[in-house]
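Read through the structure below, which is laid out as structure tokens, and then see the notes.
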Amino acid sequence: MGVRGDLLELIDDAPGSLRTLEGRLWEWRHLERSRAALQRLAPRAAFASFGAPGTEAAETLETISRVSLVMPDRWRIETDGRVDVSDGIRRWSGTKELLTEHDLEAPDLDNTQLGRFVAPGFLLGIVRFGEPTEDVVAGRRCWRTEATVDADRRFPGPPVMALQFGGVDHTFWFDAGTGIVLRHAGTIDGRPCVTSEFWEVELDGEVPTGRFRPEPGPETTLRRTSDLQLRMAEARGVDLSGVDRSDPSAVRAAIGAAIGSPGLQGPRSMAGPTSRRAAHRPTGPTPTDEPAARAAVVEAFTRLGQIGDDGTSLPHVHHGAGLAAPMDQARQRLPNPDRAAFGVIVDDVLFLRPDEAVVWFTITVDGNRFAMVDGREGRAVLVDGTWLVEHATFAGLMAFAMVPMPPVDDSDADRGS
């Protein structure tokens, strides 16, 4: 088969016989070049073309994560401010102030920061690999190879390659024993875009089982994605009488049955603007310049999917850091995702206070209202003088699409990115 063929087989089989992994994962990203790479790979991507970014970003971003993994579904990925942990049954992610329990689906390593390094098989068919040479990373023998995105591929949306690794041209160092990625460097026009590397990595050692449980403190607010699902069902007018609200699968079944019913068209058709507004009582005065505030709210929602300068954030969503990837996953669950154009229409806005508004909005696909997200109720919040889509509103959309959310980055100074 040859060395290159053996490498492709190794990548396809990764992580092979890997049992455990511990170490530190260092990641560096040049934000402007990352965005440029994303736009080059998907110049006509539906939610990458909402317009120019609305926020300024730092030039670079650097993180060091402490990682522990027991295959296939127990992990802990932790920085100084954030944690993502799974005990194999449930997954939790967030900060010491806000921790989310993802109780709607079983933990999936592929949907984590670590997953792309441990299971790089998705690269096959997306990039073309050169001839490998032997090298050493973190004391382990590995195969070093150049790679570039396949020019014959057509990406309707920002490709997984750009969102997960970054760059147009790449150099990978694959562990010779397991096929996992030990180091990666992504470039655009010969300039560094993204660099990632494992430090002090140990494979197949003993890992204490206590690491795979969350450690909430007295200051921690714990919430569940099933609670967001329940909120979504109530907003959609789903009949939950006789349904065990504490059972996520029962609530999901009720939502599925309601969506399949031609009589359920959502709040927009079930109740007119007057009655749906009557369900909310303002708790403060409206903004001083209400027309301008309304226009800003509409802009935030219609640009909900716009990607920030770093290529990974959504600047029009509160705490939008890292939300481009789940947005892409949700988009892939729309009908005909390879061809569909995604958009948002704001149906109505009601200000509850100077810094909060109820928003009824609709997802459109190819200009047509998407029946399952038609007249949905959400929130907009005023943060540091800018109207943003409420984080919980976006999380509710992701829960509806059954896409897990990353932990909230509490270092973003209360902005979208």
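Summary table below
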item	result
Filter result (among the polar types (S, T, N, Q) and crowded, with 22+ Cβ neighbours inside 10 Å) within region 74-111	S86, S93, T100
Residues being of a type in the set (G, A, S) and buried (at least 16 other Cβ atoms within 10 Å of the Cβ) - total across region 5-31	2
Number of positions in region 202-223 that are farther than 30 Å from D103 by Cβ and either in contact with an Asp or Glu (Cβ under 7 Å, 6 or more places away or on another chain) or not assigned by TED's automatic domain parsing to the domain that holds I11 (or both)	2
Pair list, Cβ under 8 Å, 6 or more apart: region 204-219 residue at pLDDT 90 or above, other residue surrounded by fewer than 11 Cβ atoms within 10 Å (Cβ to Cβ)	none
Selection count, region 285-301, where residues are aliphatic (A, V, I, L, M), surrounded by fewer than 15 Cβ atoms within 10 Å (Cβ to Cβ) and either more than 11 Å from V349 (Cα to Cα) or in contact with a helix residue (DSSP H, G or I) (Cβ under 8 Å, 6 or more places away or on another chain) (or both)	1
Single residue of region 168-193 satisfying the filter (over 23 Å from the mean Cα position of the chain (by Cα), part of a strand (DSSP E or B) and among the β-branched types (V, I, T)) that is nearest to G16 (Cα to Cα)	T171
Among (1) modelled with pLDDT of 90 or more; (2) more than 20 Å from D175 (Cα to Cα), the one test that P72 misses	(2)
Unique match (being at pLDDT below 90, of a type in the set (A, V, I, L, M, F, W, C), under 17 Å from the mean Cα position of the chain (by Cα) and at negative phi) among F155, F122, F165	F165
Residue in region 308-315 that is crowded, with 20+ Cβ neighbours inside 10 Å, modelled with pLDDT of 90 or more and in the same structural domain as A392 (by TED's automatic domain parsing) present	yes
Filter result for the condition that a residue is crowded, with 24+ Cβ neighbours inside 10 Å, out of contact with any strand residue (DSSP E or B) (no Cβ under 6 Å at 6 or more places or on another chain) and either part of a loop (DSSP other than H, G, I, E, B) or small (G, A, S) (or both), over G322, G305	G305
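This table checks each residue for (1) outside the structural domain of H280 (by TED's automatic domain parsing); (2) buried (at least 18 other Cβ atoms within 10 Å of the Cβ); (3) modelled with pLDDT under 75; (4) touching a helix residue (DSSP H, G or I) at 6+ places or on another chain (Cβ under 8 Å).
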site: I345; (1), (2), (3), (4): no, no, no, yes
site: G367; (1), (2), (3), (4): no, no, yes, no
site: R376; (1), (2), (3), (4): no, yes, no, yes
site: V383; (1), (2), (3), (4): no, no, no, no
site: F400; (1), (2), (3), (4): no, yes, yes, yes
site: P407; (1), (2), (3), (4): no, yes, yes, no
site: A413; (1), (2), (3), (4): no, no, yes, no
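The values are calculated or read from the model by the stated rules, or taken from the named source; none is laboratory data. Keep in mind it's a predicted model, so treat the numbers as computed, not measured. Every residue, glycine among them, receives a Cβ derived from its backbone with ideal geometry; neighbour counts consider all protein chains shown.
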